[in-house]
Amino acid sequence: MPYKLSPSSMSTLKDCPRCFWLAINKKISPPAGIFPSLPSGMDAVLKKHFDACRKKGSIPEELKGTGARLVSNTDLQKVWKSDFKGTRWHFNTVLNKDTAQQEPKAADAKLFKDVDLLNIWRSNFKGIRWQDKKGNELHGAVDEILVKNGKLIVLDFKTRGFPCKDDTHKHYQDQMDIYNFLLRKNGYETEDYAYLLFFHPTAVTKTGDFAFERTLKKVEINVKNAEKIFTSAIKCLEGPMPKPGKDCEVCEFVRERT
């Protein structure tokens, strides 16, 4: 039977092949924790913001790498706002000079114009899809697509509770590789890099609004890594139940109680 996989479903493979095998083949998944809704809410707001810029034919300020300021009472009338569950979130946020100068600039790229296609690629129920010769499917849902010199650039939004570390963006390498792999398999040329746009809260203004700091990270892409992950996942699933991961707490918990 063909398999349907995504970046999130394959993320377990590295940590524990057995948990991955059981989740896909036997529909037995490790206990899930409480899923934080804030990142999903931020994604929805940011997509609306980028769509508004697309409609105007402008580049979002977040991609210009110029940094930003803490929202002041005067600025509140000038910044873009979106009501989300009664709270106004403002994205012209705090960045110190050094951080702003180190940010990559994506202002020379343009927003992908085909909104209908982008909405399909954004959908968790549709997304960007590709099947191998056996009918195994790989799919993924992107947040945003940029275009530069005819090539596509994946942009993904990330919300954190704390500032980025030097290696934070590396945790999303596989995800970015897979998105680019899927686009190329669908006949699109992509740049050899993607962007991650991070947000984390920094302050509450006198008016009760939250201020977020943004960090734009450029990630080099390796589509061979994506192909390797997919091939390894299919090989694992088609074989017998593998050994548990060395540090898998779930498998250790089960072993101790059986």
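Given the condition assigned to a strand (DSSP E or B) and basic (K, R), answer yes or no: does some residue in the range 215-236 qualify?
Looking through the range 215-236, at least one residue is assigned to a strand (DSSP E or B) and basic (K, R).
I want to confirm something. Restricting to the range 146-183 and keeping residues that are of a type in the set (D, E) and in contact with a helix residue (DSSP H, G or I) (Cβ under 8 Å, 6 or more places away or on another chain), which single residue is farthest from K228 (Cα to Cα)?
Within the range 146-183, the match that is farthest from K228 (Cα to Cα) is D156.
Which one of L155, L138 is of a type outside the set (S, T, Y) and within 24 Å of K110 (Cα to Cα)?
The match here is L155.
Which one is farthest from G135 (Cα to Cα) among residues in the range 1-35 that are over 22 Å from the mean Cα position of the chain (by Cα) and surrounded by fewer than 14 Cβ atoms within 10 Å (Cβ to Cβ)?
P31
Being closer than 19 Å to I229 by Cβ, free of Cβ contacts under 8 Å to residues at least 60 places away in the same chain and outside any strand (DSSP E or B) is the filter here; which residues of the range 111-140 pass it?
If the condition is that a residue be closer than 19 Å to I229 by Cβ, free of Cβ contacts under 8 Å to residues at least 60 places away in the same chain and outside any strand (DSSP E or B), then K133 is the only one that fits.
If we keep just the residues of the range 153-194 that are modelled with pLDDT under 95 and under 12 Å from L216 (Cβ atoms), which is surrounded by the fewest Cβ atoms within 10 Å (Cβ to Cβ)?
Residue satisfying both the conditions and the ranking: C164.
Which one is farthest from F230 (Cα to Cα), of the residues in the range 184-201 that are in a strand (DSSP E or B) and among the hydroxyl-bearing types (S, T, Y)?
Here the residue is Y195.
Out of D143, D177, D108, report the one residue that is more than 17 Å from the chain's Cα centre (by Cα) and not basic (K, R).
D108
The values are calculated or read from the model by the stated rules, or taken from the named source; none is laboratory data. All of these numbers come straight from a predicted model, not from anything done at the bench. Backbone-built Cβ (ideal geometry, glycine too); neighbour counts: all protein chains shown.
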